Structure formats: C-alpha cells, structure tokens
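Heads up: the structure comes next, in structure tokens.
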Amino acid sequence: MITRVGRPWLDWRSWRSWPQQLLRLWRESLQFRTVAITLGLSGIAILLTGVYLSLSVSNNLFQSRLEQVLLDSSRATSSAQHILDASDATDRAAVQAVLTSARISINATSSSRLSAVFLIPGATSAVAPQDFASPELRNGAITPELRAQVQQNPDEQYWQSVELPTGDGGTAPGIVVGSQILLPAAGAYELYLGYSLADAENTLLFVQQTAFIAALALMLLIGAVTWVVVRFVVTPIRVAAETSQKLAAGDLEVRIPEKGEDVIATLARSFNGMADSLQSQIKELAELSEVQQRFVSDVSHELRTPLTTIRLAGDVLYDQRATFPPATERTAELLHTQVERFEVLLGDLLEISRYDAGSVRLETEPTNLVHLAEDAIDSMRSLAEKNGTEVRLVAPGGHLSTELDPRRIRRIVRNLLGNAIEHGEGKPIVVSIDSTASAVALMVRDYGLGMTEDEADRVFDRFWRADPSRQRTIGGTGLGLAISLEDATLHSGRIEVWSSPGRGSAFLLVVPRIVGVEPGESPLLLPPEDAGALQPAQEGRRDDDA
Ligand code: ADP
C-alpha cells in the first residue's frame, strides 16, 4: 500500500512526534530506509577509521618527539659536562659559578627551558653548590622512581611522561629526561631537563578536527549520493505501485511508461501486458454477462405471453375443479399453484434483469412508513393466520412522512414479513419502526428457525436458500432478498441481518429521510435487544390495534 503519496516527509513543527514520524518513514519509505542504513554503516566504518588514524598519528607524533628530546638532552648534557670538566674551581663560589654557566650552556644548546639539578644524596662535599629546579619541575613532576634510576646508573639516560603546569594554571603533557653530570670538585649531580609536548598536542588536535570535519562532509556526501541513486531506482517502483493500486481500484486504462531496456523497463512491459490481458478478459466477461442478462430478460419476456395463456386456461380448469374426478381436481389445483409460482418467478427475474440493465428509477413521494407497514401487515394477514402467527407492530417513531418509493419499500416489507412468517414457526413476529432526523428504520424480528452465521452471510445472494427442500407455502424463488437489497440500495439505504439458529432472525431496513444522502446511524440496532429470547416480550401493539 502506498500511503506516502503527497505526504510531507517530516512535520518539523511538531517535534514531539518526531520519533513516531521517523518510525513511520522507516516503515513506509524504502528510500529513507536505504539512506538511513547506508549512513549508519558508513558512519561506523568512518568512526573506526578515524579512531585508528587518530591513535596512530598521536603515537607517531609522540615517538618522533621523544627521539628528538632524548637526542637534544644528551647533546646538552655532554656540552655541560665539557664545561664542568674544563673548570678547575675549588672554592664554593667558583664551583657554583661553573654550575650556573653549565646550566646557561644547557639552556642555550637545548630546546628545553626547564631544568633541575640535584646533588646525589650521600655525596657530601663542603664546596657542593645548592640544588636547583625550575618552578615547573618542582612539586612532584620528577618522581622518586625516575630519581632512583638516575642515581643508580651514571651513564644512562632515563625519561618519563609528565604533566607540566602551564602559565594559565592548566597543565600540558611533557617529557622529563634525567641523567648524571659530574662536578670534579663537588661530586655527581642528577640533571633533569623538561620538554613540553604542547606543540605536538596542538598538531594532534588540528589533525583530529580536520578529520572530524572531513568525516562529516563525507557522511553528507554519502547520504546525498545514496539519496539520488535510490531515487533513480525507487521512483519507477513507486510509479508501478501507484499504477497497480489504481488498476486494483478498477481503473483499467492506467499503464506504466515504458522507457529503456533495463529491468525496470521489463517490469513496466510485463505489468502493462498483464493489465492489457486483464482489461480484455474483464471486457469479455462484461460482454458475456451482458449477453446473459439480455438472454434472461428476453426469455422472461418471451415466456410471459405463453404463460398468460397457460394461466387463463389453468384458471378455467381451476374454477371448474369441483366437477372433475378427485385425481383431476388435485391436478387442476397443482397446476394453479405452480402457474402462480411461475408468474412470481418470472416477475422477479424481470425485476432483477431491469436492475442489471440499470434501467430502474425511483418514484418517490412523501410516505408514512408506519402506515405503509400497517398496509403490508394487513395484506399478509391471511398468510399469517394460516401459519398461526401473530404480527405485532411497535412504532414509537417514524410517523413523519419520508420521501420514499412506496411500491419498492412495500415490496421489501412484504418480503421480510413473508420470510419471517415462513420461517417463524408460528411464533409472534415483531415489526418495529423508529426514526432519527436523517434516517428511518424498520426491523422485522421473528423467533423461528434462524440461520447460522454462514447462512446469514449468503442470505442476499441470488437464488440462495438455506434449505431448498424446506416446505414452501408462498412459493419463494430465492430472489426476494436480492431484490429487496437492490431496492434499499436504490434509496441509498441498506438492509442488515442478524440471525441465530433456534433464536430467530432480525432484518433491519434503514433508509435516509432525504434520497441520495447517506442515512448514517440507524435508530434501531442489530443484534436486537432481545437477541437471546425465544419469545417476544409481552408489551407492544398488536397489528389489530394499530
Ligand atoms: P425466498 O424467496 O426463498 O424467501 P429470499 O431471498 O427471500 O428467498 O430468502 C432466501 C433464503 O433466506 C430463504 O430461502 C431462507 O432460507 C432464508 N431466510 C430468509 N429470511 C429468513 C428468516 N426470517 N428466517 C430464516 N431464514 C430466512
């Protein structure tokens, strides 16, 4: 089913219902689903690639910076050691001056701005200058583990990752490299040089930001490309779906445009071929059905003249039956009833063929449904009495005149009443009439045989009877309810049925007060209120009092 035609993708204003709207789009739009899945999967792929890229770039940046730092520090350390070795200072102030000039040389030859010099514990000398550390390297930047390693191995270089405080109160990643230097007059010192990795971090941040923007742009591009590609494929499929929907709704002229040689064009061609053959078969069937209808109508017409003659002859025989021997008298009676049935059947057939040919017209006049029902009940009285059936009329509403075709409505009421008497097993029948501003309703309720649900479903079918072998007293043809339904439909009304085996049946006729306007809600409803009852309740007017 294509329900999305002409509907907006998303109603941006009602953001609260976005989840439901997206869910609806997901269910209904192949295009949206394909784009969403493509974006989801390529998003995961791009994310994984981005994480891998970011990790390997940061690793690479760190390694190369570390190598650079270690080289730089060893060069600075050895140049400082040269200065120290060349000095022959022996008093405290001179030794201090040599150490200071060594530190200045370190600052000049290395890229490090941070340094610390600590006398190795245990080496006591009277002229040993004081320890020194740049403020950033104080407060635990140099861990005891690093110091222990440097103190134990005079010839090795050790390093450690640290967080160095920055000027604005924050921290930046850094590396501290430690090694030993020797003051000839004062003993061994630990020398630590600190290097900031802020530059490398900035580079990494820049790379990450660029990669993120590139990934976003890529996702947009992938989404747009998928959208366009899927649209190419989906549009013809949507056209095919819409066309088949129209075809199913009865528009047999619609076809799919056939363009190109691809699979979509093949689909269009075979669909159009199917529609062609469907159309021609339906046309053939319609013609055939028309021929059949005309045949039935012609035969019925043709039969009327001989039947009239048979009827006249039969009536003569029937009128004189008393003079015949008993067997012939019985034959004359049989002939009479069967000719009567034949006439009814022929009449019904002609009426049905008139409906099929579309040549029926409503002849409405203001009609009081209650009076009409009273007349119909009166006309059926002898049949009712023969069956021992009492017919009650309950009419709290429906006295106002309504535009109806009285001939057709009387036919419906007589047919419903006839059926109720026929199948009512002599139990009372209740005819109720009520009305609203827009509709009048008439219900015929009997408490007789009833029908199963399947039987009730077929009750309006032509020539259908629940049990064709049931004894007939009014010569039903199986066309009565089919004609009644046509009569009701012609009034823009309807007939509904409720029935239960052993509990009886109720037939409800609803017609609008104004011809051609839907009647809407009925004043009487099915199933009837006493659906389970075996007999009618005692209240209600007898038709004799009506
Ligand atoms: P018929 O001329 O046979 O009465 P209808 O079209 O009027 O034709 O009814 C078709 C069949 O529906 C009947 O033969 C009968 O089996 C069933 N039917 C109709 N009305 C009732 C009813 N009130 N109770 C039980 N069965 C019914």
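Rule-based calculations on the coordinates, nothing more; no lab input. Every value quoted in this text rests on a predicted model; they were computed, and no experiment measured them. When we count neighbours, we look across all protein chains shown, and the Cβ atoms used for this are built from the backbone with ideal geometry, even at glycine.
How much of the DSSP bridge set in the chain is antiparallel, in percent, rounded to the nearest 5? Spell out each step's value before the answer.
Numbers: 53 of 57 bridges.
Looking only at bridges with both residues in the chain, the antiparallel portion is about 95 percent.
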* Taking N as the number of residues in the chain, what is its Cα Rg relative to 2.2 N^0.38 Å? -> 2.18
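Take the alpha carbon gyration tensor of segment 92-156, find the square roots of its eigenvalues, order them as a ≥ b ≥ c, and report rounded if a/c is under 1.5; if not, report prolate when a/b exceeds b/c, else oblate. Kindly include the intermediate steps, with their values, before the conclusion.
Working: a/c = 1.61, a/b = 1.07, b/c = 1.51.
The shape class here is oblate.
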* Asked: In a solvent-free Debye calculation with one equal scatterer on each Cα, what is log10 I(q)/I(0) for segment 385-437 at q = 0.19 Å⁻¹, listed in the order of the q values?
  -> -0.76
* Regarding segment 268-357, what are the three Cα extents along the principal axes, ordered largest first, in Å? -> 79, 21, 16
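Ranked highest first by the average count of other Cβ atoms within 10 Å around their residues, in what order do 330-337, 445-452 fall? Please list the in-between numbers first.
Numbers: 330-337: 14.8, 445-452: 21.2.
Result, highest mean first: 445-452, 330-337.
With the Cα gyration tensor of segment 1-254 giving a ≥ b ≥ c as the square roots of its eigenvalues, does the rule (a/c under 1.5 for rounded; else a/b larger than b/c for prolate; else oblate) give rounded, prolate or oblate?
Prolate, since a/c reaches 1.5 and a/b exceeds b/c.
Compute the signed sum of charges (Lys and Arg +1, Asp and Glu -1) over the other residues within less than 12 Å, Cβ to Cβ, of SER17. Show your work: numbers first, answer last.
Working: positive: ARG13, ARG16, ARG24; negative: ASP11.
The answer is +2.
For segment 355-389, which trypsin sites (Lys or Arg not before Pro) are in a loop by DSSP, counting at most 14 other Cβ atoms within 10 Å?
On the way: sites: ARG361, ARG381, LYS386; in loops: ARG361.
Passing both the DSSP loop test and the Cβ count: ARG361.
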* In a Debye calculation with equal point scatterers on the alpha-carbon sites of segment 446-526 and no solvent, what is log10 I(q)/I(0) at q = 0.24, 0.25 Å⁻¹? -> -1.21, -1.26
* Asked: So what's the gap between the Cα centers of segment 339-398 and segment 172-189, to the nearest angstrom?
  -> 122
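What does the highest-first list of 345-351, 516-522 look like by mean Cβ count within 10 Å?
The peptides rank, most packed first, as 345-351, 516-522.
For segment 232-296, run through the trypsin sites (Lys or Arg not before Pro) and keep only the ones in DSSP coil with at most 12 other Cβ atoms within 10 Å of their Cβ.
Values: sites: ARG238, LYS246, ARG255, LYS259, ARG269, LYS283, ARG294; in loops: ARG255, LYS259.
For trypsin sites (Lys or Arg not before Pro) across segment 232-296 that sit outside H, G, I, E and B with at most 12 neighbouring Cβ atoms in 10 Å, the list reads LYS259.
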* Order by protection proxy (mean Cβ within 10 Å, highest first), peptides 25-32, 186-193 -> 186-193, 25-32
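Once the other residues with Cβ under 12 Å from the Cβ of LEU247 are scored (Lys, Arg +1; Asp, Glu -1), what is the net sum? Show your work: numbers first, answer last.
Working: positive: LYS246, ARG255; negative: GLU242, ASP251, GLU253, ASP276.
Net of charged neighbours comes to -2.
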* Among ILE83, SER17, LEU39 the positive-end extreme of the charge dipole of segment 1-128 (Cβ point charges) -> SER17
